[in-house]
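Chemist: Starting off with a structure, shown below.
Every read-out reported here was derived from the displayed coordinates using simple, explicitly stated rules and does not represent laboratory data. In this text the structure is predicted, and so the values were computed from the model without any measurement. Counting neighbours? That spans all protein chains shown, and the Cβs are built from the backbone with ideal geometry, glycine included.
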Amino acid sequence: MLLLLGLALTAYAQPPDSTVLLNAAGATFPYPIYSKWFSDYHQAHPNVQINYQSIGSGGGIQQLKAGTVDFGASDMPLNDQLLGQFNFKIIQFPTVLGAVVPTYNIPGVSGELKFTAKALSDIYLGKVTKWNDSEIASANPGVKLPGNDIVVIHRSDGSGTTFVWTDYLSKVNPEWKSKVGSNTSVNWPVGLGGKGNEGVSGLVKQTPNSIGYVELIYAMQNHMGFGLVQNADGKFIKASLTSVTEAAAGAAAKMKSDVRISITDATGADTYPICSFTYLLIPQTISDGTKREAIKAFLDWMLTTGQGSVESLNYARLPKAVVGIEMKNLAEIK
Amino acid sequence: MSVDATAMERAPSPWTGRALLRRLAIGDEVAHLVTLIFAFTVILLTSLLVYQLFLNSAASRHAFGWHFWLSRTWDPVFEHFGAAPFIYGTLVTSAISLLIAVPLGLAAAVFLSELAPRSISDTISFLIDLLAAVPSVIFGLLGIFIVVPMMRTMIGPALKDTLGFLPLFQGPNYGVGFLTAGIVLAIMVVPYIISVSREVLLTVPRDQREAALALGATRWESTWKVVVPWARTGITGSVFLALARAVGETMAVTMVIGNDPKIATSLFAPGYTIAAVIANEFTEATGKLYLSSLIELGLVLFMITLILNGCARLLIIATERGGGHP
């Protein structure tokens, strides 16, 4: 009903002919910044209007495949198998960075815990089952950890957050890679599922001796405490917008024109290891000339002016090297 | 003969000229046609739904066959999909909810229709109808903030102390799980049972009650042996309406069941239901087989509903044979 009303209203308020209307759909994680960008861009360029539905990465990919949207958005880079299902070529543009942090609730422990990669992956594999296990305790000297059973909590809904988390665990633990792997949802060896960041953080808050993972932006906005994670260089890092951009910069060195690079467990002294890009999926050939120019102009704006406003919404901005690569890829759209 | 023929010519055929117009004006034919079309729309919608589910689940049906119903693995990474834990979770949570909601709802309906003064009955019924209109996410929140902590600190330990010898009440109690989901579902479906059962009980003719009382039955005997059996078809209907809601409920269940696709004997263990996994994973599912398996889960849910409804019909037929209400 609302949809019909909405349709009727848009039809009624039909913009003048010169207006370019772009439809996009996809990931929910970057939705706050995308809606800010699209609205800011519309203010600066009143003839371009971008309508974004945050229906999830999977839905965005499906709609782009079906040709019902002009471009899509995904938290997970499309691999070759997925790209093969399209009957046109896709160029993927990283837009912002997100990170995932471990959060926990242990009665009597108030400080920030440090987690090694091994500890985190063994907890989620169900091999480390008690909080005072030496794998956790050895990284946290001076913290009195209880001997209680760990209650593992993960996302129940498919999400880019789960993809980043499992991608990280796959990289640091070969057993995880062969047994569980990485995807927007996986076959979890142990644990309870909560729906959304709020579901996970709600379960963690309510369940004593539990551990879960949430997006950094969610933890920051809700003033939640979270743990430090050991990076590839052996340093324990607390996630922050700078340590996330740092990880991307380190990874960008290995990036040539293919931006589909995983930046979890990146090297570099100050990098936070559990983070990733989120992507816009743009068809390489756009036959409608006005649409093509509008999309290219928007991407150009997003990579320059747009990046300036991401930190106000707690997203980490793209490192300069990545922007440079994307600017080159932008010319490929024809 | 000739007289007959002229009589027939004079008698207007129902489908010719003026007669048809007259009947149309009355509205008979129009009403017939319109309602017929509407009735067929329902059938058409249902068939289209099944057809679409069937069509879009082709990849998964071909890959797994009937094994899909029995397999316990749900692995989106390695693309092994099986519905067994979800079917189990759906049936167990629905059964728990009915076990709680049927006695509660029926007793409340008997009180409201037979014992309570009309003004009280109407007020309470109004509130119950309001309860039936509350969105399910509200019940989910109620579950998270009230039922889950209660389950962890009070209900769970109490059950373990008293019935802990049963495998149903053993194992770790996280607060979320089959039992919690069943309780939240019971709270959600009880208004349906009360509301429909009360209406049905109120339609039992007064003389049925008076006849029983005249035969020397007590009020309780007249209610329990005459009124309730008279209304049992309607009451069964209300129970199956509740069951249908419980089987298909998504939001409230996923918030309190723990979302772990495992088949566990313990009612404290976390589980998963069909509706919940579809809602959780559909938006972010990529890959043909994964999507197709989620759609086949929808088909499975539809078939379970069909089977349950068939059982309901059989039950109603069986109880009608036993006498009582015609």
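Chemist: Please go through region A:291-334 and write out the chymotrypsin sites (Phe, Trp or Tyr not before Pro) that DSSP classes as loop and that have at most 16 other C-beta atoms within 10 Å.
Modeler: none
Chemist: Which length gain, in nm to one decimal place, applies between B:THR73 and B:ALA95 when the Cα-Cα distance is subtracted from 0.36 nm times their residue separation?
Modeler: This chain segment gains 5.6 nm when fully extended.
Chemist: With a Förster radius of 56 Å, plug the Cβ-Cβ distance of A:SER18 and B:ALA211 into 1/(1 + (r/R0)^6) and report the FRET value to the nearest 0.05.
Modeler: For A:SER18 and B:ALA211, the calculated efficiency is 0.10.
Chemist: If you wrap a convex hull around the Cα atoms of region B:192-280, how much volume per residue is inside, in Å³?
Modeler: Given the Cα convex hull of region B:192-280, per-residue volume reads 125 Å³.
Chemist: Give, as a single signed number, the net charge of other residues whose beta carbon lies under 12 Å from the beta carbon of B:HIS67, with Lys and Arg counted +1 and Asp and Glu -1. Intermediate results must be reported in sequence, preceding the final value.
Modeler: On the way: positive: B:ARG61, B:ARG72; negative: B:GLU296.
Taking every Cβ under 12 Å from that of B:HIS67, the sum is +1.
Chemist: Go through region A:14-100 and name the trypsin sites (Lys or Arg not before Pro) that are in a DSSP coil and have 14 or fewer other Cβ atoms within 10 Å of their Cβ.
Modeler: A:LYS89
Chemist: How much net charge surrounds B:GLY89 when only other residues with a Cβ under 11 Å from its Cβ are counted (Lys, Arg +1; Asp, Glu -1)?
Modeler: Net local charge, B:GLY89 excluded: 0.
Chemist: What is the distance in Å between the Cα centres of region A:224-266 and region B:159-219?
Modeler: Going from one Cα centre to the other spans 55 Å.
Chemist: Sort region A:143-285 into rounded, prolate or oblate with this rule: let a ≥ b ≥ c be the square roots of the eigenvalues of the Cα gyration tensor; rounded if a/c is under 1.5, and if a/c is not under 1.5, prolate when a/b is larger than b/c, oblate otherwise.
Modeler: Prolate is the answer for region A:143-285, as a/c is 1.5 or above and a/b outweighs b/c.
Chemist: Cβ neighbours within 10 Å, averaged per peptide: list B:128-140, A:209-221 in order, most packed at the top.
Modeler: A:209-221, B:128-140
Chemist: Continuing with this model, one more query. Where nothing but the Cβ of Lys and Arg (+1) and of Asp and Glu (-1) is charged, how large is the charge dipole of the protein assembly as shown around its Cα centre, in debye to the nearest 20?
Modeler: For the protein assembly as shown, the charge dipole is close to 460 debye.
Chemist: Residues with beta-carbon under 13 Å from that of A:VAL310, excluding A:VAL310: net charge, scoring Lys, Arg +1 and Asp, Glu -1? Walk me through the numbers before you get to the answer.
Modeler: Working: positive: A:LYS36, A:ARG317; negative: A:ASP40, A:GLU311.
Residues close to A:VAL310 contribute a combined charge of 0.
Chemist: Looking only at other chains, what is the average number of their beta-carbon atoms within 10 angstrom of each beta-carbon in B:286-298? Write down the numbers at each step before the final one.
Modeler: Working: counts 17, 7, 2, 0, 5, 2, 0, 0, 2, 0, 0, 0, 0.
The shielding value for this peptide is 3.
Chemist: Next question, about the same structure. What span do the alpha-carbon atoms of chain A cover on each of the three principal axes, reported in whole Å from largest to smallest?
Modeler: Sorted from largest, the Cα extents of chain A read 69, 47, 36 Å.
Chemist: Could you calculate the FRET efficiency of A:GLU135 with A:ASP270 from 1/(1 + (r/R0)^6), where r is the beta carbon distance between them and R0 is 35 Å, rounded to 0.05?
Modeler: Values: r = 24 Å, r/R0 = 0.69.
That gives a FRET efficiency of 0.90.
Chemist: Given chain B reduced to its alpha-carbon atoms as identical point scatterers, what log10 I(q)/I(0) does the Debye formula return at q = 0.12, 0.14, 0.15, 0.16 Å⁻¹?
Modeler: Debye intensities relative to I(0), on a log10 scale: -0.97, -1.16, -1.24, -1.32.
Chemist: Ok, one more. By counting other Cβ atoms within 10 Å of each Cβ, how are B:CYS311, A:CYS275 ranked from fewest to most?
Modeler: B:CYS311, A:CYS275
Chemist: Then there's this: Can you run the Rg to Rh ratio on the protein assembly as shown? Use alpha carbon positions and the Kirkwood inverse-distance Rh. Walk me through the numbers on the way to the answer.
Modeler: Values: Rg = 30.5 Å, Rh = 28.6 Å.
A ratio of 1.07.
Chemist: Roughly how many nanometres apart are two label points built 7 Å out from the Cα toward the Cβ at B:LEU127 and B:VAL34?
Modeler: 4.1
Chemist: Next question. Please give the contour-minus-distance gain from A:LEU83 to A:THR290: 0.36 nm per residue of separation, less the Cα-Cα distance, rounded to one decimal in nm.
Modeler: Contour length minus the Cα-Cα distance gives 72.0 nm.
Chemist: Which whole number gives the average count of other chain Cβ atoms within 10 Å of the Cβ atoms across peptide A:76-83?
Modeler: What the average comes to for A:76-83 is 1.
Chemist: Using a ≥ b ≥ c from the Cα gyration tensor of region A:73-211 (square roots of the eigenvalues), is it rounded, prolate or oblate, where a/c under 1.5 gives rounded and otherwise the larger of a/b and b/c decides, a/b for prolate?
Modeler: Numbers: a/c = 2.34, a/b = 2.01, b/c = 1.16.
Prolate shape, in that a/c is at least 1.5 and a/b is the bigger ratio.
Chemist: Give me the one-decimal nm value for the distance between modelled label points at B:ASP161 and A:GLU112, 7 Å along each residue's Cα-to-Cβ direction.
Modeler: It works out to 4.3 nm between the two label points.
Chemist: A further question follows. Could you put A:ASP122, A:ASP133 in order, starting from the residue whose Cβ has the fewest other Cβ atoms within 10 Å?
Modeler: A:ASP133, A:ASP122
Chemist: Another question, then. May I ask you to list the lysines whose Cα is less than 18 Å away from that of A:LYS179, ignoring any residue fewer than eight positions away on the same chain?
Modeler: A:LYS118, A:LYS127, A:LYS171, B:LYS262
Chemist: Quote to one decimal, in nm, the extra length available between B:HIS62 and B:LEU168 on full extension: 0.36 nm per residue of separation minus the C-alpha distance between them.
Modeler: 34.5 nm
Chemist: Still on this structure, please answer the following. How large is the helix-only mean residue ellipticity at 222 nm for the protein assembly as shown, computed as the sum of -39500 (n - 2.57) over DSSP H runs with n ≥ 4, divided by its residue count, in deg cm²/dmol to the nearest 500? Don't skip to the answer; put the middle values down first.
Modeler: Details: 28 runs with 342 residues, N = 660.
For the protein assembly as shown, the value works out to -16000 deg cm²/dmol.
Chemist: Hey, in the GNM for chain B with a 10 angstrom Cα cutoff, which one of B:MET188, B:MET150, B:MET251 fluctuates hardest?
Modeler: With Cα springs under 10 Å in chain B, the top fluctuation among B:MET188, B:MET150, B:MET251 is at B:MET150.
Chemist: When you look at the Cβ of every residue in A:154-161, what mean number of other chain Cβ atoms sits within 10 Å?
Modeler: Averaged over the peptide's residues, the number is 6.
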